[in-house]
Amino acid sequence: MSWGERLWQRIQSLGFFVFVLVVACGLGLLFFPLLRRSHLMQQDMRRLDREIERQEAVERQQRTEIEALKTDASFVERTARSKLNLAKPNETVFKFEPQPSSLAVTSTTSRPASAASPSH
């Protein structure tokens, strides 16, 4: 085999490798958005599954409360007192407001005398 034929064979091998590399990159660029979209959809599914579980827990709690309202007179009374602010006849209800937070209350301390008057 002559020098020219060996060179041509190496160029063909290199050309085939470059062709395979370009096709692989093209396929990667073609499928990358699809893989990203699939990943985002899986994240959404997990988020929605958590939301479904949360809503099912709320539903169970509400069904329990409805059943108690249907069957338990003391529960009905407690609920009427707490949620609807109802009272029995001739009953006095004391309602206590929560104390304001310490951040909302402004300090009323006086400044020291040395800070009150400017020094000369």
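FYI, it's all coordinate maths here, none of it is from the lab. All values reported here derive from a predicted model rather than from experimental measurement. Cβ coordinates were reconstructed from backbone atoms using ideal geometry, including for glycine residues, and neighbour counts include every protein chain displayed.
Details
- Label-point separation, residue 78 to residue 38 (7 Å along Cα→Cβ), nm: 5.2
- Largest-first principal axis extents, alpha carbons of the stretch 3-91, Å: 116, 21, 13
- Here residue 88 is the anchor, and the aspartates and glutamates within straight C-alpha reach of less than 13 Å, apart from those fewer than 8 places off in the same chain, are 77.
- Straight-line reach from residue 83: taking Cα to Cα under 14 Å and skipping same-chain neighbours fewer than 8 places apart, the aspartates and glutamates in range are 65.
- Toward the positive end of the charge dipole of the stretch 3-91, with +1 on the Cβ of Lys and Arg and -1 on the Cβ of Asp and Glu, the farthest Cα among 73, 61, 42 is that of 42.
- Unit charges on C-beta of K, R, D, E only; dipole of the stretch 1-67, Debye: 540
- Derived scalar couplings ³J(HN,Hα) [the stretch 67-81; Karplus, 6.51 cos²θ - 1.76 cosθ + 1.60; whole Hz; x for Gly, Pro]: 5, 5, 5, 6, 10, 10, 5, 5, 5, 4, 5, 4, 5, 5, 5
- Spin-label model, residue 51 to residue 21: label points 7 Å out along the Cα-to-beta-carbon direction sit 4.6 nm apart.
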